[in-house]
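The values are calculated or read from the model by the stated rules, or taken from the named source; none is laboratory data. Computed from a predicted model, the values in this text were never measured in an experiment. Quick reminder, even Gly has a Cβ in these numbers, built from the backbone with ideal geometry, and neighbours come from all protein chains shown.
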Amino acid sequence: MLKDKYSILFEPVKIGPVTARNRFYQVPHCTGMGHVRPQAEAAMRAIKAEGGWAVVSNQETEIHPSSDMSPYAESRLWDARDIPALRLMTNAIHAKGSLAAIELAHNGNHATNLYTRAPSLAPSDIAADYIAPKQARAMDKADIREFRCWHRMAARRAREAGFDIVYVYAGHHMSLPHHFLLPSTNDRMDEYGGSLENRVRLTRELIEETKEEVGDTCAVAFRFAVDEMAGADGMQAAEEGRAVVELLADLPDLWDVNVSDWSNDSATTRFQPEDGYQTPYIEFVKQVTKKPVVAVGRLTSPDMMLSMVKRGIVDFIGAARPSIADPFLPQKIQEGRIDEIRECIGCNICVASDNLSVPIRCTQNPTMGEEWRRGWHPEKIEPKGRQEDALIIGAGPAGLECAMQLAKRGYNVTLAEAGKAPGGRVLSEAGLYGLRAWKRVADHRVYDLQQRANARMFMQSGLDAEAVIELNIPNVFVATGARWRRDGVGRSSRQPIDIDKDMQVLTPDDILAGIVPATGPVLIYDDDQIYLGGVLAEHLNELGHDVILATPASVVSPWTEHTLEQSRIQKSLINRGVLLKTSQKLTGANKAGGVLSCVFTEQEQTLNCGAVVLVTERIRQTALYDDLKARNDAGKINLTTLKLIGDAATPGLIADAVFNGHMAARHFEKDPMIADQEFFRREMVELPAEDMAGMNPKTA
């Protein structure tokens, strides 16, 4: 049987004094919940355990106020008062049969201590990692002794909180042990600096002391970035990275190995398209240590997982993003349901959530981060109510998700799409250079619908109001999407841009439809400033066009700072020879070319071009909905449900459209008051009664 093929992935593996029930290991990853939303954190991690991840880790956990990551909502273990919140998580994970791991962290100069106002600490005097008006000071011997004590006490508290695995963390350029290891951040001349043996000293002490503290009740893991992916300018796996592993080979109970910094470890498919891309950097580790090894690399293929274990590269299949996209990935492999896996598309919307200090979300998995707040489960949904049939108009990301979930609930679903194939903007954008993996969003949902007898899909079936009425389906969900504006109205200009009729004006929709720009340079005007302008510039350059990218922003695609891509995008465009014009508004276009105006000085320049591509705002396509609503309101038709969803309701990311379609399916036939409460369930700070006594009732 298919599931027997992967039986090796479900063998138990011993990690020091504890044993994992299989080889699936959710490595530490941030969630935007942490100490601020501990109940949400616990519920999300519990779902991973339920889905078959034998080890479920939390995220970097601050061990002291001098490692304050505010405003980012990481975990905290400053003192014993943090234990109950973390015990919520360990209890929830243990209840599902998995081991709980904690990543102890002191972030050194990566922590600016904006809340605590404590001094930032580092091996050497150095600027703060984030742009902030302060520097970290070099730690003296007393500081190092104190730090070791803080780490030891945090390990003790981690054991008391119920964790089975305690991490020493040296990775991502985000932790003091890593900063001590790297010559670029450690210029000390004492026993903690200089030679590699000296730079490793602190890490060795932390591992030894953590093992002493937790005794034989917990395993001690070491998370280490073996390569900075900076060539000769940084630590390399083939040289000092390997040497570190050799020096500490069998000291930790488990090696969790990856690359740094975070933008490399969590690279998007746009720049690292292959799953398992970290393997060449970490495959040496098991040759050096007898202890089990876990590694990552956006692993989504069960065959690749099997190969990595059989070839002796890893003992555990590590995952952060794939476990977010599908918390039940292990269970689906074990049960032979490979085709049902929601594969990670490597878009880093999950990463963006943490960078924005909001609860985690995912393009593929709209329930991620909503397990506690809304009670959503990625594999379970309540059965249908009294209604029987539903019509979804538009097979883009919102329409597909809504149709799939309604069909799962048991409704008879009819999905009508005007285009030749399902997918909508997902299908179109997946055709752009670097975004091929995004097609997985449509593929997963189309496959699911094809397996269901109660779901029918009709392509090339554009519907008007009369056609909808003729179908006589009382519950209608309209997912007709949005179109890009052709007049230039956007963030920087609320009036149409003056463009001569002789200039070819295109929108992203035109490029996605295969329309070819005119001869001559193509001027892309990106006033959207999210990701698409930069993608189109790469795409058209790859097709052989000379490209100019102009934007009012100071860098290209500024929003992609949140997805860890911005510097890669700008570097790629520069290397391709794309002419970048930042801090420039497009004010017009004529026979001579596009007219740009500096956002600071208003100084104008004209750039020769043959076509202008306007990436500004989108217009919601609501004509069908408006027609149906007017007739329904007037009593001319009798629709029980008429709901606008996806980009037609609110243009946003693909993740937003999927979420909106999912919510529409969940809320169908639900009492509106009950559904509305989901938006307002919050984790609140509970004040003692005596603190409330003196409050003014009008302001309480």
For segment 105-135, the count of residues that are touching a residue at least 12 places away in the same chain (Cβ under 8 Å) and either within 22 Å of ALA73 (Cβ to Cβ) or part of a helix (DSSP H, G or I) (or both) equals 20
If you go through GLU160, GLU191, GLU146, GLU197, the only one that is surrounded by 15 or more Cβ atoms within 10 Å (Cβ to Cβ), more than 30 Å from the chain's Cα centre (by Cα) and not aliphatic (A, V, I, L, M) is GLU146
Matching residues in segment 49-73 (over 21 Å from LEU99 (Cβ atoms) and of a type in the set (Asp, Glu)) number 2
- [ ] Restrict the check to segment 635-655 and report whether at least one residue is in a loop (DSSP other than H, G, I, E, B), farther than 20 Å from THR480 by Cβ and in contact with a helix residue (DSSP H, G or I) (Cβ under 9 Å, 6 or more places away or on another chain).
- [x] yes
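State whether the residues of segment 582-594 include one that is among the aliphatic types (A, V, I, L, M) and either closer than 26 Å to SER353 by Cα or in a loop (DSSP other than H, G, I, E, B) (or both).
So the first thing to find is which residues in segment 582-594 are among the aliphatic types (A, V, I, L, M), and the list is 586, 589, 592.
Now restrict to residues that are either closer than 26 Å to SER353 by Cα or in a loop (DSSP other than H, G, I, E, B) (or both): 592.
Within segment 582-594, one or more residues are among the aliphatic types (A, V, I, L, M) and either closer than 26 Å to SER353 by Cα or in a loop (DSSP other than H, G, I, E, B) (or both).
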* To do: Please verify whether segment 261-269 includes one or more residues that are in contact with a helix residue (DSSP H, G or I) (Cβ under 8 Å, 6 or more places away or on another chain) and either under 17 Å from PHE316 (Cβ atoms) or among the charged types (D, E, K, R) (or both).
  => no
Looking across segment 324-340 at residues that are touching a residue at least 60 places away in the same chain (Cβ under 8 Å) and not in a helix (DSSP H, G or I), the single one that is surrounded by the most Cβ atoms within 10 Å (Cβ to Cβ) is PRO327
*Does any residue of segment 251-260 turn out to be in the same structural domain as PRO177 (by TED's automatic domain parsing), closer than 28 Å to LYS14 by Cβ and among the polar types (S, T, N, Q)?*
yes
Checking THR217, THR210, THR289 in turn, the sole residue that is of a type in the set (Val, Ile, Thr), more than 30 Å from the chain's Cα centre (by Cα) and at pLDDT below 95 turns out to be THR217
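When you check ALA221 against the structure, is it within 17 Å of VAL314 (Cβ to Cβ) and crowded, with 23+ Cβ neighbours inside 10 Å, yes or no?
On the way: within 17 Å of VAL314 (Cβ to Cβ): yes; crowded, with 23+ Cβ neighbours inside 10 Å: yes.
Judged against the criteria, ALA221 is a match.
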Considering segment 395-431, residues that are part of a loop (DSSP other than H, G, I, E, B) and aliphatic (A, V, I, L, M), and then whichever is nearest to ALA479 (Cα to Cα), we arrive at ALA395
Checked against (1) of a type in the set (Val, Ile, Thr); (2) part of a loop (DSSP other than H, G, I, E, B); (3) under 28 Å from ILE674 (Cα atoms), ILE392 satisfies every condition except (2)
